[in-house]
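The values are calculated or read from the model by the stated rules, or taken from the named source; none is laboratory data. Remember, predicted model here, so these are calculated numbers, not experimental data. Cβ atoms come from the backbone with ideal geometry, glycine included; neighbour counts cover every protein chain shown. Remember, those area values only see protein heavy atoms, side chains included, never the ligands or the DNA or RNA. Shrake-Rupley method; radii C 1.70, N 1.55, O 1.52, S 1.80 Å.
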Amino acid sequence: MGRVSHAGTIPPSCLHAVFRAAEERERTTGRPVVKLHVGEPYFPPPREVALAVEHAVHDGRTAYTSAEGMHALREALAVKLETENGHRTSPERVFVTPGSCQGLAALFQSLASPGDELLMPELHWPIHLQQVLLAGFRPVFYALGPGYRPRLESLREAVTPRTRAVLVNSPANPTGAVLDAETMTGILELAREHDLQIISDEAYEHFVYEGEHLSFASLESGLPEEERRVSSTFTFSKSLAMTGYRLGYVVTPNAAAAHALRVVQEASIIGPSTPIQYAGLTALKAEDSARANARMVRANRDRALPALREAGLLAELPQGGWYAVIDVGSTGVDADTFAASLLETHEVGVAPAAGFALRPVFSDDGRVLASDPAPEARTLVRLAFCGDPVELDTGVSRLLAHVRDLRSRGGSP
Ligand SMILES: Cc1ncc(COP(=O)(O)O)c(C=O)c1O
């Protein structure tokens, strides 16, 4: 066999294994698994959005658009960014992307040069790590403080002469942590001091439960473009449950960043799907649905998660997002054993967080030799609280029963 390619050395997302295990369980028992491992919302996309796609296809509005996307949509997005996010920008800096996932991958590619390091949180969305590695960045992990919130000192400690970029994700997947204004300002100052780019993933912008969402780029709206350094990514997937539509957008800080991203977009997608962009134009008018959806997820959090805190599994309720990270160390088993036995005995799926804390080991020539989980994540488990309320309550009460059972048996599943 020939040499393994760079991509071939990068670990698959841990979520695949969890999905497969849950599906296998459903197949063998014929009973549904309570799916707390997936972030699929129980509220549907607005109906008018589906109609917009249907009409676009029916009317033949299906030709290629430019790599950046339709001007009308980018114009509407620039207005949304200014009014909702306090981010003054122009349609020329906005790129429509097939999901923010592809936008992020393109952004990392557009920013990386060989040998560059990128700072990212020690607990992170596994896809972020894949994207960072695929782009050729070396990830360096910054430690998180109470509530899994980034600590400015740990970012400062992680900077080296090779650091080129910082990834922030607020509200965060998997932790639900929300960055405060003071930490953001500190990160921006650090970035100016060391000439770093900031990548701000704001997929969960509408799901902030304490205070208001703060868009990172709003902090530099007063600066001339050349001095801006924040690239931001957003999505229609979460706020409006448009997960399968694959529609997101990236906002670049200046002409140079837009130029680099345009090259990557042209080379990788030619342009985003045209009918789906019409869906986006309609979806931008559905702000009320986004707010109602956020209220529903918040109600789920407030109803279902306090019991996990009372059971000593969760230090504080997540401040935002769709997920909570619980620590099952008190049951005497690790997260993998906990998740497998919970699925087996109670038919509830959760995601062990080891896969959210992989630490790649590199060869001298930058190849990934291995990716082992950080020991601190050994007993952490992620669960989603954006799903059907009845299913969520059932899942949490079964999980608590499993915890009680394990504790009473001294950790033998
Ligand atoms: C933190 C974060 N960013 C980005 C995404 C990508 O979402 P999409 O590609 O659907 O826009 C997700 C999806 O789970 C996510 O959790």
Out of the total accessible area of segment 47-286 (probe 1.4 Å, heavy atoms of protein only), what percent is carbon and sulfur? 53 percent
At each listed q (0.11, 0.24, 0.25, 0.26 Å⁻¹), what is the log10 of I(q)/I(0) that the Debye formula gives for segment 343-413 modelled as equal alpha-carbon point scatterers? -0.42, -1.10, -1.14, -1.17
Tail beyond 20 Å, pair distance distribution of segment 184-280 (Cα, percent): 48 percent
With label points built 7 Å along Cα→Cβ from the Cα atoms of Asp365 and Ala17, find their separation and express it in nm. 2.9 nm
Among 229-235, 273-279, 256-262, 307-313, what's the highest-first ranking by average C-beta atoms within 10 angstrom per residue? 229-235, 273-279, 256-262, 307-313
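With Cβ to Cβ distances under 10 Å as the rule, what net charge do the other residues near Glu227 carry (K, R +1; D, E -1)? Before the final figure, lay out each step's value.
Values: positive: Arg192, Arg228, Arg229; negative: Glu220, Glu225, Glu226.
With Lys, Arg at +1 and Asp, Glu at -1, the net is 0.
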Sparse-neighbourhood loop sites, GluC sites (Glu not before Pro) in segment 151-228 - DSSP loop, at most 13 other Cβ within 10 angstrom: Glu210, Glu212
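Using a 1.4 Å probe and counting only protein heavy atoms, arrange Phe19, Phe95 so the residue with the most accessible area comes first.
Result of the area sort, largest leading: Phe19, Phe95.
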Theoretical ellipticity at 222 nm over the chain - DSSP helices of four or more residues, -39500 (n - 2.57) apiece, nearest 500: -13000 deg cm²/dmol
Order of 137-150, 33-46 by packing, highest average Cβ count within 10 Å first? 33-46, 137-150
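Can you give the percent of C-alpha pairs in the chain whose distance is more than 33 Å?
Details: 28140 of 85078 pairs.
The calculated P(r) of the chain puts 33 percent of pairs beyond 33 Å.
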Give the peptides 161-169, 390-398 in descending order of average Cβ contacts within 10 Å, highest first. 161-169, 390-398
For segment 236-263 and segment 67-140, distance of Cα centres in Å: 6 Å
At least 27 Å along the helix axis (C-alpha) and Kyte average at least -1.0, DSSP helices within the chain: 389-408
Using each residue's phi in segment 156-168, evaluate 6.51 cos²θ - 1.76 cosθ + 1.60 at θ = phi - 60° and report the 3J(HN,Hα) Karplus result to the nearest Hz, with x for Gly and Pro. 4, 5, 7, 6, 10, x, 8, 5, 10, 8, 10, 9, 10
